[in-house]
Amino acid sequence: MARAIVARGGTAIAHAASISDGTALQGLVDEPSPSGSRVDVLVCNAAVNPYFGPLLNITDEAFDKIMANNVRSNLWLCRAVIPGMAERNDGSVIVISSIAGSRGT
């Protein structure tokens, strides 16, 4: 995606990090970019789903993994970028979720 943005004349960098690692996520913001740019848009789109089936049968371990990766990681990322956005009074946060959050199958 970053290459496509740059190819069209925009500015973007890609930085890999696991959503299960709060330190790695903070590194997305703390690591200086080559251009000295800032985070203008945060898109939280990563998720895990280690369990498929009826909710009554999910293990505590699988539930905890889903909540940690799909919910807490969004909190970590928001904590990292929103203060800078608020200081500039500019920026957007987009959290993408599944329809399964509203309607189970």
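The values are calculated or read from the model by the stated rules, or taken from the named source; none is laboratory data. The model shown is predicted, which means the values in this text are computed figures rather than measured ones. Glycine also receives a Cβ, built like all others from the backbone with ideal geometry; neighbour counts cover every protein chain displayed. Areas reflect the complete protein model, heavy atoms only, side chains present, ligands, DNA and RNA absent. Shrake-Rupley method; radii C 1.70, N 1.55, O 1.52, S 1.80 Å.
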- Filter region 38-64 for residues that are over 19 Å from the mean Cα position of the chain (by Cα) and aromatic (F, W, Y); which is most open to solvent (accessible area, probe 1.4 Å)? F52
- Query: Across region 5-25, what is the number of residues that are among the β-branched types (V, I, T) and modelled with pLDDT of 85 or more?
  - Reply: 4
- Query: Among M85, M67, which is the only one that is open to solvent by less than 50 Å² (accessible area, probe 1.4 Å) and either assigned to a helix (DSSP H, G or I) or touching a His at 6+ places or on another chain (Cβ under 6 Å) (or both)?
  - Reply: M85
- Note on the structure: Scanning region 1-34 residue by residue, the ones that are in a loop (DSSP other than H, G, I, E, B), of a type outside the set (A, V, I, L, M) and open to solvent by 80 Å² or more (accessible area, probe 1.4 Å) total 5
